[in-house]
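Presented below is the structure to which this report refers.
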Amino acid sequence: MSDFTFLTQTEAETASLGQKLALLARKGDCFALFGTLGMGKSVLARSFIQSLTGAGEVPSPTFTLVQLYDAPGFTIYHFDLYRLKSPEEIFELGMEEALYEGVSLIEWPERMGAYLPRDCFRIDILPAAEGRKISITAFSGERQQRLQEHFSK
């Protein structure tokens, strides 16, 4: 298991990390964003999406539950599962297609229960002394290697 931890003190630093994370995205990747309200999940997701698509405005999919964005080589599926009532509702949102055909950014992934893929990039955002502690973990050998190559430069 590979784990990289970053400390961000500003929203701009969190956004910068989102841009760097976007550079390693490939079709079939899932990025699970864990953190309580106000931790910066949407900031990170927004900068990730903007860096790959050039989209000016990236609204949080809090009420629509999913927003799609065209990126070179794949579609980005941005999920906000906060309002999900049961894990099975993900199938009505096109989650299966997203996990196989696109890149998935999932806020509140714990709402998926056992349906969350084991082989995702897990991003934990926690409060730190003067900002946020953001840990990125990969579980498969291939994704661990990509993280290592990308963030060890």
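Using helices alone, I'd like the mean residue ellipticity at 222 nm for the chain: each DSSP H run of four-plus residues gives -39500 (n - 2.57), total over residue count, nearest 500.
-8500 deg cm²/dmol
Sort the chain into rounded, prolate or oblate with this rule: let a ≥ b ≥ c be the square roots of the eigenvalues of the Cα gyration tensor; rounded if a/c is under 1.5, and if a/c is not under 1.5, prolate when a/b is larger than b/c, oblate otherwise.
Judged from the Cα gyration tensor, the chain comes out rounded (a/c under 1.5).
DSSP loop (so not H, G, I, E, B), at most 11 other Cβ within 10 Å: list which chymotrypsin sites (Phe, Trp or Tyr not before Pro) in the stretch 52-153 pass both filters.
For chymotrypsin sites (Phe, Trp or Tyr not before Pro) across the stretch 52-153 that sit outside H, G, I, E and B with at most 11 neighbouring Cβ atoms in 10 Å, the list reads Phe63.
Rounded to the nearest 20 debye, what is the charge dipole size of the stretch 27-132 about its Cα centre when +1 sits on each Lys and Arg Cβ and -1 on each Asp and Glu Cβ?
Details: 9 positive and 15 negative charges, 61 e Å.
Dipole size: approximately 300 debye.
Counting only DSSP beta bridges with both residues in the stretch 27-132, tell me the antiparallel percent, nearest 5.
Bridges in the stretch 27-132 are about 40 percent antiparallel.
Given 0.36 nm per residue, what is the gain on full extension from Phe4 to Thr64 after removing their alpha carbon distance, in nm?
18.4 nm
Among Gly94, Ile123, Ser104, flag the residue with its Cα farthest along the positive direction of the charge dipole of the stretch 27-132, charges on Cβ as +1 for Lys/Arg and -1 for Asp/Glu.
Ile123
Calculate the length of the line joining the C-alpha centroid of the stretch 114-153 to that of the stretch 61-100, in whole Å.
Between the Cα centre of the stretch 114-153 and that of the stretch 61-100, the gap is 20 Å.
Ranked highest first by the average count of other Cβ atoms within 10 Å around their residues, in what order do 126-133, 30-37 fall?
Descending packing order for the listed peptides: 30-37, 126-133.
Quick one: length gained pulling Glu89 to Arg118 fully straight, 0.36 nm per residue minus the C-alpha distance?
Full-extension gain reported as 8.6 nm.
Considering only the other residues whose Cβ falls under 11 Å of the Cβ of Thr10, what net charge follows from Lys and Arg at +1 and Asp and Glu at -1?
-2
Every number here is computed from the coordinates shown, using simple stated rules; none is lab data. Since the structure is predicted, the reported quantities are computational estimates derived from the model, not experimental observations. Because the Cβ atoms are built from the backbone with ideal geometry, glycine has one as well, and the counts that use them run over all protein chains shown.
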